[in-house]
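The values are calculated or read from the model by the stated rules, or taken from the named source; none is laboratory data. In this text, all values refer to a predicted model and were calculated from it rather than measured experimentally. Note: ideal-geometry Cβ built from the backbone for every residue, glycine included; neighbour counts use all protein chains shown. Ligands, DNA and RNA are excluded from the accessible area calculation, which covers all protein heavy atoms including side chains. Shrake-Rupley method; radii C 1.70, N 1.55, O 1.52, S 1.80 Å.
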Amino acid sequence: MDKDIVSRLYNGAEFRYRRVNVAKMSAEALGATISVTANSITRYETGVRTPTAYETVVMAHALRVPITDLAEKVARDPKAFLALLNLEKLRFVRDGSMPIIDHEGDGTD
């Protein structure tokens, strides 16, 4: 189930674009958010390795990808959608930060 969710949520090129051009974050900084090396981030982005579903959710949050964008990718699969919600809940419990919900493009609630 984990790989199935990741295959829907994670696109290495999309995350790399967002990391470099939107968040202006180094691979080292993004890696630090999920406790992996910059080399691992590069491998994720190039498709050599696959992040876990939890790592995907944490990276998305660090890159300010709205949780609603992720939810749209799994909306037609109730099990995957529930798994995403549980991953977001786990992320929230672990780091205490609110989900990123983009209202009218300003990134605020």
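Only sites in a loop by DSSP and with at most 10 other Cβ atoms within 10 Å count here; which trypsin sites (Lys or Arg not before Pro) in the stretch 32-86 make the cut? Before the final figure, lay out each step's value.
Details: sites: R43, R49, R64, K73, R76, K79; in loops: R49, R64, R76.
Those satisfying the criteria are R76.
Would you mind computing Rg(Cα) / (2.2 N^0.38 Å) for the chain, counting N as its residues?
Working: Rg = 13.1 Å, N = 109, 2.2 N^0.38 = 13.1 Å.
After normalising by residue count via 2.2 N^0.38 Å, the value is 1.00.
Surface composition of the chain: carbon plus sulfur atoms hold 54% of the accessible area, using a 1.4 angstrom probe and ignoring ligands, DNA and RNA.
Here the stretch 47-95 is described by how far its Cα atoms reach on the three principal axes: 29, 25, 16 Å, from widest to narrowest.
Per DSSP H run of at least 4 residues, take -39500 (n - 2.57); add these up for the chain, divide by its residues and hand me the 222 nm value, nearest 500 deg cm²/dmol. Can you show the working numbers first?
On the way: 7 runs with 67 residues, N = 109.
My calculation for the chain gives -18000 deg cm²/dmol from helical runs alone.
On a per residue basis, the chain carries 59 Å² of accessible surface, using protein heavy atoms and a 1.4 Å probe.
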